[in-house]
1. Which residues, counting only those in region 279-290, are crowded, with 23+ Cβ neighbours inside 10 Å and modelled with pLDDT of 95 or more?
2. From the set of residues in region 407-459 that are at pLDDT 95 or above and among the small types (G, A, S), which is farthest from S355 (Cα to Cα)?
3. Using beta carbons and a limit of 6 Å, which pairs, at least six apart or on different chains, have the first residue in region 262-276 and assigned by TED's automatic domain parsing to the domain that holds Q302 and part of a strand (DSSP E or B) and the second one surrounded by 24 or more Cβ atoms within 10 Å (Cβ to Cβ) and charged (D, E, K, R)?
4. For region 348-362, which positions are closer than 22 Å to F264 by Cβ and surrounded by fewer than 23 Cβ atoms within 10 Å (Cβ to Cβ)?
5. Just give me the residues in region 303-343 being of a type in the set (D, E, K, R) and either assigned to a helix (DSSP H, G or I) or buried (at least 24 other Cβ atoms within 10 Å of the Cβ) (or both), in sequence order.
6. Step by step: first the residues of region 430-485, then only those that are among the charged types (D, E, K, R) and touching a helix residue (DSSP H, G or I) at 6+ places or on another chain (Cβ under 6 Å), then the one that is surrounded by the fewest Cβ atoms within 10 Å (Cβ to Cβ). Which residue is that?
7. Using beta carbons and a limit of 6 Å, which pairs, at least six apart or on different chains, have the first residue in region 228-256 and surrounded by fewer than 24 Cβ atoms within 10 Å (Cβ to Cβ) and the second one of a type in the set (S, T, Y) and in a helix (DSSP H, G or I)?
8. Being more than 25 Å from V466 (Cα to Cα) and either within 16 Å of the chain's Cα centre (by Cα) or not basic (K, R) (or both): is that true of L335 here?
Amino acid sequence: MNTGLQGLDPQDCHELVKLLKNSAHQLEQTSGQLSQTVARTGWQGPDSQQFRAQWPGNRTRLHNTARALEDMAHVVLRNIAEQERTSAVDDGGGFLGELLDAGKDLWDDFTEGAGNVLDGVVDGIGDGFEWLGGVIKGNIEQAGGSFLSNLAHLGKMGVDVLSGNPPSVAGLLSQLVLTGGTGLNQLIVASTGGLINPHIFDDGTPYAGEPQAITRGSDNPLQLPTSASAIFGSVEDAYAMGHVPGTENGDIRIVKVEQADGTFAYIVNIPGTEQWVPNGSGQARDLTSNIMLVAGQSTTAQRDIVLAMERAGIPADAPVMLAGHSQGGMLAVQLGSDQEFLSRYNVTNIMTVGSPIDMSNVDPRISVLAAQHGGDLVPKLDLGGLDTNLTMPGASSNVSVVTMDDPPRDTLGNILHYAPSPLGNLVQDARDVVGNHATDSYRDDLANTDKYPEIAQYEQGPSMRVFLSDDPSRVTGVDVPVGRK
């Protein structure tokens with residue numbers, strides 16, 4: 001080191017410049033290698049698509065860090081030049097030499113700045129192509145995987161027919177629709193080179209957010225589970241929560257009832273279909289889920305419920321009741337037929353309202369109440385469980401089916417009575433179908449235990465006692481946001 005030099009030591013600082021430039025070069029080189037690895041990695045699914053979409057931004061940050069190191073090296077070089085001019089015994093050319101040095105510094109600044117801009121443009125174009133390649137690859141993999149999966153399900157049904165284990169007619173028809181729809185989706189993706197993916201019958205992956213405590217003074221307060229009708233009121237509340245900030249893609253309302261010994265029982269309230277499209281939207285209880293359930297497939301909406309129960313911290317030994325309307329009831333009995341799920345949770349009761357569950361095979365240890373209006377077409381969509389051998393399974397001994405009268409049609413208070421339509425009875429009949437499936441009509445009829453004693457008998461069953469309470473201090477609840485991604 002030159003001990004006679006004031007300020008920085010040019011020799012030491014040249015080493016620092018070298019280190020900074022080498023670090024910047026290595027960072028750029030590593031960024032490029034990572035980009036190639038991301039593009040080649042055999043990772044599929046929505047999480048992969050999200051990661052690949054975020055990678056260009058992360059690479060830009062690496063590029064910016066490398067540029068910052070280059071800029072620091074340039075600052076050190078400029079300080080070295082100033083130090084050498086100040087410390088030199090011989091000015092090496094006087095004013096002219098200093099002028100040339102200053103000109104050189106300006107030129108270096110200009111060329112380095114222009115180079116950085118050009119590098120940024122080139123990297124941005126490269127990142128854009130990488131992102132587009134990831135999207136194309138993800139679309140092709142999703143569409144192909146979905147079609148092949150449904151084709152395999154259809155093939156299994158064919159094998160079941162030949163082996164004397166006939167599937168239901170409704171299930172077979174639903175599987176044909178799923179296979180055809182996903183085949184069409186794959187055709188669209190392939191014909192557009194992977195650029196367009198309509199996501200027809202794409203069931204995605206489930207998610208559940210943090211439980212949100214239900215407060216007494218909220219817009220949608222907790223109802224006490226005093227009866228089957230009141231329990232169904234919480235299913236209606238879960239519907240309402242599916243359209244507010246925080247639960248836009250759906251809600252599972254879980255009610256916790258404290259027992260005299262300090263333990264708890266849980267009621268899991270499951271709404272039905274909330275979106276009638278098959279485009280892989282964030283709402284998992286949609287047309288896709290409906291058709292998959294009838295076809296006997298596991299769905300994202302089903303896994304949403306399991307995640308919600310995990311989030312709510314339901315213990316394995318706590319009594320659990322599943323209550324659902326329409327598709328929600330289908331999901332409940334699907335879970336009640338899943339031995340893996342039943343090995344994790346102690347489901348003792350299921351209540352379905354307006355749900356097609358004749359194809360279900362609910363565990364015989366579970367007490368089931370299936371309520372339906374006689375004119376509600378939705379519970380009949382499974383064709384009574386009719387199989388391809390044209391035989392009907394009939395209800396299991398643990399399933400109590402209550403068929404209730406359709407809501408009355410009068411001119412005083414009945415919301416289903418409409419003014420005459422130009423299209424005549426066709427429109428009125430369509431409105432009646434909707435009214436027969438409406439939750440408010442079902443809630444009222446569930447409360448009419450004098451007319452339907454089967455409901456009262458179910459409420460008074462030994463397994464139901466832990467779920468009923470009129471004590472506000474013993475009843476709490478949470479809303480769990482759920483959906484599809």
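1. Of region 279-290, the ones crowded, with 23+ Cβ neighbours inside 10 Å are 280, 284-286, 288-290.
Scanning region 279-290 gives A284, R285, D286, T288, S289, N290.
2. A456
3. The qualifying pairs are N269/R253; Q275/D286.
4. Residues of region 348-362 closer than 22 Å to F264 by Cβ: 348-351.
Answer for region 348-362, where residues must be closer than 22 Å to F264 by Cβ and surrounded by fewer than 23 Cβ atoms within 10 Å (Cβ to Cβ): just T348.
5. R303, D304, E310, R311, E340 - these are the residues of region 303-343 that are of a type in the set (D, E, K, R) and either assigned to a helix (DSSP H, G or I) or buried (at least 24 other Cβ atoms within 10 Å of the Cβ) (or both).
6. Keep residues of region 430-485 that are among the charged types (D, E, K, R), which gives 431-432, 440, 443-445, 450-451, 454, 459, 465, 470-471, 474, 479, 484-485.
Filter once more, so that each one left must be touching a helix residue (DSSP H, G or I) at 6+ places or on another chain (Cβ under 6 Å): 443, 459, 479, 484-485.
Numbers: R443: 19, E459: 19, D479: 28, R484: 26, K485: 16.
If we take residues in region 430-485 being among the charged types (D, E, K, R) and touching a helix residue (DSSP H, G or I) at 6+ places or on another chain (Cβ under 6 Å), then K485 is surrounded by the fewest Cβ atoms within 10 Å (Cβ to Cβ).
7. E236/T439
8. Numbers: more than 25 Å from V466 (Cα to Cα): no; either within 16 Å of the chain's Cα centre (by Cα) or not basic (K, R) (or both): yes.
So L335 fails the test.
The values are calculated or read from the model by the stated rules, or taken from the named source; none is laboratory data. All values reported here derive from a predicted model rather than from experimental measurement. Glycine also receives a Cβ, built like all others from the backbone with ideal geometry; neighbour counts cover every protein chain displayed.
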